[in-house]
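**Student:** Just passing along the structure, written as structure tokens.
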Amino acid sequence: MKNRVQLIGNVGNDPEVKTLENGRKLAHITIATKDYYKNEKGEKVEQTEWHRITAWGKTAEIIEKFVVKGKEVAVEGKLTHRSYDDKNGEKRYITEVVVNEILLLSK
């Protein structure tokens, strides 16, 4: 089995892009995906999930140039989990998709 994630959704924020000391780009966005199901009463319910997306290098450069809030995108990458200590010394956990491909779907 392979750790592979494919998502299609709308970008929820303008990209946060950093240029590291070595010149490599790092970009973060969030995308929203929607799913529908019927509840026990037979009513259609919409469920929105938010996904943190991280991109490096050329993919980050594409995001910086072409991606804005509201744009529909398709991403493919791998699911990762990591932790860090915040400013107060509390451990925080992050689940994110590290993308290696992005496809711009809306104009």
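The values are calculated or read from the model by the stated rules, or taken from the named source; none is laboratory data. The model shown is predicted, which means the values in this text are computed figures rather than measured ones. A quick note on method: Cβ atoms are made from the backbone with ideal geometry, for glycine too, and the neighbour counts reach across all protein chains shown.
**Student:** If I filter the range 32-49 for residues that are touching an Asp or Glu at 6+ places or on another chain (Cβ under 7 Å), in contact (Cβ under 8 Å) with a residue 40 or more places away in the chain, under 11 Å from V11 (Cα atoms) and not hydrophobic (A, V, I, L, M, F, W, C), do I get at least one hit?
**Tutor:** No, the conditions are met nowhere in the range 32-49.
**Student:** So, one more: Right, E16: at pLDDT 95 or above, more than 11 Å from the chain's Cα centre (by Cα) and of a type in the set (D, E) or not?
**Tutor:** Values: at pLDDT 95 or above: yes; more than 11 Å from the chain's Cα centre (by Cα): yes; of a type in the set (D, E): yes.
So E16 passes the test.
**Student:** Just for the range 83-98: of the residues that are exposed (fewer than 11 other Cβ atoms within 10 Å of the Cβ) and touching a residue at least 12 places away in the same chain (Cβ under 8 Å), which one is nearest to the chain's Cα centre (by Cα)?
**Tutor:** Residues of the range 83-98 that are exposed (fewer than 11 other Cβ atoms within 10 Å of the Cβ), as a first pass: 83-93, 95.
Among the residues that remain, those that are also touching a residue at least 12 places away in the same chain (Cβ under 8 Å) are: 93, 95.
On the way: Y93: 16, T95: 10 Å.
Here the residue is T95.
**Student:** Within the range 45-57, can one find any residue that is more than 24 Å from L105 (Cβ to Cβ) and either at pLDDT 95 or above or β-branched (V, I, T) (or both)?
**Tutor:** yes
**Student:** Quick one: which of A55, A74 is among the small types (G, A, S), within 25 Å of E21 (Cα to Cα) and in contact (Cβ under 8 Å) with a residue 24 or more places away in the chain? Can you show your working first?
**Tutor:** Values: A74 fails: within 25 Å of E21 (Cα to Cα).
Result: A55 is the single residue among A55, A74 that is among the small types (G, A, S), within 25 Å of E21 (Cα to Cα) and in contact (Cβ under 8 Å) with a residue 24 or more places away in the chain.
**Student:** Scan the range 75-107 for residues that are in a strand (DSSP E or B) and acidic (D, E) and jot them down. Please lay out each step first, then the result.
**Tutor:** First, pick out the residues of the range 75-107 that are in a strand (DSSP E or B): 75-85, 91-104.
E76, D85, E96, E101 - these are the residues of the range 75-107 that are in a strand (DSSP E or B) and acidic (D, E).
**Student:** On to the next question. Look through the range 64-82, keep the residues that are over 17 Å from V11 (Cβ atoms) and among the basic types (K, R), and return whichever of them is surrounded by the most Cβ atoms within 10 Å (Cβ to Cβ). Break it down into steps so the answer makes sense when it comes.
**Tutor:** Step one: list which residues in the range 64-82 are over 17 Å from V11 (Cβ atoms), which gives 78-82.
Those still in the list that are among the basic types (K, R) too: 78, 82.
Values: K78: 13, R82: 10.
Per the stated criteria, the residue is K78.
**Student:** All but one of (1) crowded, with 16+ Cβ neighbours inside 10 Å; (2) over 14 Å from the mean Cα position of the chain (by Cα) hold for A60, so report the exception by its number.
**Tutor:** (2)
**Student:** Within the range 45-52, is even one residue within 20 Å of K18 (Cα to Cα) and not aromatic (F, W, Y)? Outline the logic, then answer.
**Tutor:** Filtering the range 45-52 down to residues within 20 Å of K18 (Cα to Cα) leaves 51-52.
Now drop any that are not not aromatic (F, W, Y), which leaves 51-52.
Yes, the range 45-52 has at least one match.
**Student:** Looking at (1) at pLDDT below 95; (2) surrounded by 10 or more Cβ atoms within 10 Å (Cβ to Cβ), find the lone condition where E40 falls short.
**Tutor:** (2)
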